[in-house]
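The values are calculated or read from the model by the stated rules, or taken from the named source; none is laboratory data. Computed from a prediction, not measured in an experiment: that's the story for all the values here. Because the Cβ atoms are built from the backbone with ideal geometry, glycine has one as well, and the counts that use them run over all protein chains shown. For the accessible areas, the whole protein counts, side chains as well, though only heavy atoms, and no ligand, DNA or RNA atoms are used. Shrake-Rupley method; radii C 1.70, N 1.55, O 1.52, S 1.80 Å.
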Amino acid sequence: MPKQIQRDHEIYIAPGILGLYENDSPVAIDQLNDQNRLDPTNVDDKITIYEREVTGWFLEPALKLLDEDSFQNAFIVLMVCMSYLEGVEQYKTGIDSNRRSKDCFVESLERLYPDQFHKRDLEKLYSKSRCGLFHNGMVKGGVVFSSEYDNVMSFSNNAEIIKINSRLLLNRIRQDFSSYINELRSEEQSETIRDNFNRIFSVL
């Protein structure tokens, strides 16, 4: 869920984008782009806010962490990756993930890696990694990391052992996000793509 513009005080809704109310109307000010004023109800401005939010608060910092220490920071980077998967799928499909978090997670990975993994293995990844990190603060047993692994993910022992290359996963997610933003801004794409995003993403 994006950060929400508050009526009673200013709040950054993305890096360098300040949200506030003026004359009872919401506005976002892009302080990194000549104080450009963005309309939080306009789909093109919402895309700008979303792009800045994801790249500035998540994907770019995650890449820096990997460059600093790919082993020590692997858990944090994995949390970034896990949170991206469910969120982006909501915006792509136009369907809220409430009560269908696992489905969104699995469908997102199946889209990123078509016909590469069994659904049951991705569901085990959801349980061990996504739920482990966000509900218990730690992945469950059997999840191991290394930037030296040849494959982004591998499953063994009935998916009790899951090996993850956090760098490969993050790179694929960065590619996916860049492609999605280009789709949202492309005049050649179906309006459905923009409509789905506009229906789900809101800073109000």
Residue hits (segment 37-57; closer than 19 Å to Asp195 by Cα and free of Cβ contacts under 8 Å to residues at least 60 places away in the same chain) are Leu38, Asp39, Asn42, Asp45, Thr48
Take segment 154-204 and flag every residue that is among the aliphatic types (A, V, I, L, M) and on the phi > 0 side of the Ramachandran plot.
-> Ala159
Residues Asp44, Asp34, Asp8: which one is more than 15 Å from the chain's Cα centre (by Cα), part of a helix (DSSP H, G or I) and not polar (S, T, N, Q)?
-> Asp44
With respect to Ser83, determine if the residue is in a helix (DSSP H, G or I), of a type in the set (Gly, Ala, Ser), open to solvent by 40 Å² or more (accessible area, probe 1.4 Å) and closer than 22 Å to Ser179 by Cβ.
-> yes
Pairing a residue in segment 1-12 that is of a type in the set (Ser, Thr, Tyr) with any residue that is assigned to a strand (DSSP E or B), where Cβ atoms lie under 7 Å and the two sit 6 or more apart in sequence or on different chains, gives Tyr12/Leu18
Being within 18 Å of Phe75 (Cα to Cα) and open to solvent by 30 Å² or more (accessible area, probe 1.4 Å) is the filter here, so list the residues in segment 161-187 that pass it.
-> Ile161, Lys163, Arg167, Leu168, Asn171, Arg172, Arg174
Segment 188-204, subset polar (S, T, N, Q) and either over 17 Å from Ile49 (Cα atoms) or not in a helix (DSSP H, G or I) (or both), residue least open to solvent (accessible area, probe 1.4 Å) = Ser202
